[in-house]
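The structure under discussion appears below in the form of structure tokens.
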Amino acid sequence: MGERRRAAVVAGLLAALLLAAGGCAGDDAPPPSAAPSPSVRTLTPLPARPEEPPTGRLLADMRQSSRDAALGRIQVWVDNDTARTVTPTRITYRDPRLRAPLVAERLRAAPAGAERGYPLVLPDRPACGSPAAGGRARATATVRHDGRTETVPVEDETDVVGRFVRARCFEVAVARVVDLRWSDRVVAPGDVPVEVGDTATLTLLATPTGARGHELVIETVGGTPILSPVDGASAWSPGLRVSGDGPPVRVALPVKPTRCDAHAFLESGGATALRVRLRLDGRAGELVLPMGPVGAAAAVAFAADSCGLGDS
């Protein structure tokens, strides 16, 4: 259908809809200036409820957006439930599941009744061996502002810090037994350049550390918005066992593009970080394993070429 014909059809549909809407009123409908029917009741608006006065306290809670997660941080949000502007000069987050306090960044004033989020960089190594590491804990934020210091409890309804601690501690435990990483090579079956419709192979390298008596099972590897198994499944299922003191293992994962629309590639910032489900000595867990810069570039280039988008 040509552009002119498509535009004419759309215009015709809009005109038909307008005619139908006008016809619903009927020829006997009163003009806009006619008085309302006596049968129509007029509702009296309810009086506005007065706002509750501020409590005079600072409140705090923990949040993490997808962007925060990608940057390895969380945010402590401070609710200034007072009648004056609060200007923090230092905010310190303390949690028994972390080895040391976290100091907030991007400090700025919070007007009366406003909320402000302050980023906290997550540590590389939480307190994995502590009794509190596996569950929830009482955390606080100490806010130094306007010549005074206040310590307030930090609510964490979605268990942001707990989820981070459990995931990172599992990752640390896995690394003690097996070093997992992606090969930088994304191998396509044909000659370079990749042709439209080609598949390729991602290679997961599992190198044992020599830790005796431990076993890692690689159960599944999840696909991403641009990379997925050639059989159409949402994840690869290698089910491979790796002994802590055994030989290195290479896991070949046949791959094809998940989608070939440009929108998928424009939003593919995390598409080369794959979620791996594991079982370490019978303990289930998962980690997100990103490709290195070279491998990530090769994977995205393969998917774009296989989709025919390489020159776009």
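The values are calculated or read from the model by the stated rules, or taken from the named source; none is laboratory data. Since this is a predicted model, take the numbers as computed values, not measurements. Methodologically, a virtual Cβ is constructed for each residue, glycine included, from the backbone with ideal geometry; neighbour enumeration extends over all protein chains shown. Ligands, DNA and RNA are excluded from the accessible area calculation, which covers all protein heavy atoms including side chains. Shrake-Rupley method; radii C 1.70, N 1.55, O 1.52, S 1.80 Å.
Would you mind checking the radius of gyration and Dmax of the stretch 156-312 based on alpha-carbon positions, in Å?
Here Rg and the maximum Cα pair distance are 16.7, 53 Å.
Which trypsin sites (Lys or Arg not before Pro) in the stretch 207-300 sit in a loop by DSSP (not H, G, I, E or B) and have at most 11 other Cβ atoms within 10 Å of their own Cβ?
Counting only loop positions with at most 11 other Cβ atoms within 10 Å, the trypsin sites (Lys or Arg not before Pro) in the stretch 207-300 are R212.
Based only on Cα atoms, what Rg/Rh ratio does the stretch 195-244 have, Rh being taken as Kirkwood's radius?
On the Cα set of the stretch 195-244, Rg over Rh gives 1.10.
Give a quick list of GluC sites (Glu not before Pro) in the stretch 199-274 that DSSP marks as loop, anything other than H, G, I, E or B, with at most 12 other Cβ atoms within 10 Å.
E267
So, with a 1.4 angstrom probe, what is the percent of accessible area on the stretch 253-312 that is carbon and sulfur?
Whole-percent figure for carbon plus sulfur exposure: 56.
In the stretch 116-196, which GluC sites (Glu not before Pro) fall in coil by DSSP and have 16 or fewer other Cβ atoms within 10 Å?
E157, E195
What is the Cα radius of gyration of the stretch 105-160 over 2.2 N^0.38 Å, N being its residue count?
The stretch 105-160 yields a ratio of 1.40.
Rounded to the nearest 20 debye, what is the charge dipole size of the stretch 168-241 about its Cα centre when +1 sits on each Lys and Arg Cβ and -1 on each Asp and Glu Cβ?
480 debye
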